[in-house]
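Here the structure is laid out as structure tokens; the discussion comes afterwards.
The values are calculated or read from the model by the stated rules, or taken from the named source; none is laboratory data. Just so we're clear, the structure is a prediction, and the values are computed from it rather than from any experiment. Note that we place each Cβ from the backbone using ideal geometry, even for glycine, and neighbour counts take in every protein chain shown. Accessible surface areas use protein heavy atoms only, side chains included; no ligands, DNA or RNA. Shrake-Rupley method; radii C 1.70, N 1.55, O 1.52, S 1.80 Å.
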Amino acid sequence: MSSPLHIGIVACSAEGAALCYRTICTEGAKLLGPHSHPEVSMHTPSLADYMECIYRNDWAAVGELMLASAHKLAAIGADFLICPDNTIHQALPFVQPRSPRPWLHIADEVAREALARGQRRLGVTGTRWLVDSEVYPQALAAHGLGFQRPSDDERDEINRIIMDELVYGRFKPESLATFQRVIERFKRDGCDAVVLGCTEIPLIVDDGNSPLPTLDSTRLLARAALRKAVQTTD
């Protein structure tokens, strides 16, 4: 049997990256046997370095940080790369032409899962930078899927919860209630699923407490990476 491919994780915020890493390691056993998973390496600069670029809307500089991680991971043997952070996928157009390794795109993996489930119109949650962007609209449109964004006020409150609470591992009942209200509105407006489009959101929202079925971007990316890593095994 050939060895699984080596997965490189270009990380940004800690909680989402940790969930992605744990998912790869724990679910690898389903494909490879007890306690087995592909080789995984992760690199991340300080989140403050990313945020300095994001606050000034400098996505090319975000891309440079991602490329620096990509080169370090390639140098230690990573065969392909994933980024468990939806927001900084805005910088991938700056990254991919110069990347030393290929990437999986988190929004494409979410779109494929929605299609497989027969879902057609998705509510999109995430940081304000993410929901204001075309990361999900472009990916969903390419797969023939519709979408809805939160209102401006909802975007501000969700962004506050993510940046002030979730990235620090703080999970408050009132913050869950905020997400539930937004998702309930998506449901009333005709959405049939909700994208958990910040990799920390699955730490507080899941199918058990959401008014709509959830598309957990963190775990979907991790599972896609597992499938790619083992596709060359005999």
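Estimated from helices alone, the mean residue ellipticity of the chain at 222 nm is -15000 deg cm²/dmol (sum of -39500 (n - 2.57) over DSSP H runs with n ≥ 4, per residue). Measuring nothing but how far apart in sequence close Cα pairs (under 8 Å, 6+ apart) lie, relative to its length, the chain scores a relative contact order of 27 percent. The portion of the accessible surface of the stretch 1-44 made up by carbon and sulfur, rounded to a whole percent, is 56 (1.4 Å probe; DNA, RNA and ligands excluded). With contacts taken as Cα pairs under 8 Å at a separation of at least 6 residues, the stretch 1-88 carries a relative contact order of 48 percent. With contacts taken as Cα pairs under 8 Å and at least 6 residues apart, the stretch 192-234 reaches a relative contact order of 40 percent.
Each other residue within a Cβ distance under 14 Å of Asp189 adds +1 if Lys or Arg and -1 if Asp or Glu, for a net charge of +4. Scaling the Cα radius of gyration of the stretch 99-173 by the globular reference 2.2 N^0.38 Å produces a ratio of 1.26.
For Lys72, list the aspartates and glutamates whose Cα falls under 20 Å from its own Cα; do not include residues on the same chain fewer than 8 positions away. Those aspartates and glutamates meeting the cut-off are Glu39, Asp49, Glu64, Asp85.
In the context of the full protein assembly, Trp103 retains an accessible surface of approximately 30 Å², using a probe radius of 1.4 Å and ignoring ligands and nucleic acids.
If you take all other residues with their beta carbon under 14 Å from the beta carbon of Arg121, and give Lys and Arg +1 and Asp and Glu -1, the sum is +4. Pair-distance distribution of the stretch 180-234: all C-alpha pairs, bin width 5 Å, starting at 0; shares per bin in whole percent are 4, 19, 24, 18, 12, 9, 7, 4, 2, 0.
Does the stretch 21-179 come out rounded, prolate or oblate by the C-alpha gyration tensor, with a ≥ b ≥ c the root eigenvalues, rounded set by a/c under 1.5 and, if not, prolate when a/b is larger than b/c and oblate if not? Because its axes are fairly even, with a/c under 1.5, the stretch 21-179 counts as rounded. Counting only protein heavy atoms and a probe of 1.4 Å, the accessible surface of the stretch 128-182 is 48% carbon and sulfur. Loop-located trypsin sites (Lys or Arg not before Pro) across the stretch 158-234 with a Cβ neighbour count of 13 or fewer within 10 Å are Arg170, with loop assigned by DSSP. Its residues counted as N, the stretch 1-62 yields a C-alpha radius of gyration over 2.2 N^0.38 Å of 1.45.
Of the two radii for the stretch 26-78, the radius of gyration is 1.19 times the Kirkwood radius, both from the alpha carbons; that is the Rg over Rh value. Spatially, the stretch 132-163 and the stretch 1-34 are offset by 26 Å when compared through their Cα centroids. What fraction, in whole percent, of alpha-carbon pairs in the stretch 91-234 exceed 25 Å separation? Taking all Cα-Cα pairs of the stretch 91-234, the fraction more than 25 Å apart is 27 percent. Mean projected area of the Cα convex hull of the stretch 143-222, taken over all directions, amounts to 5.5 nm².
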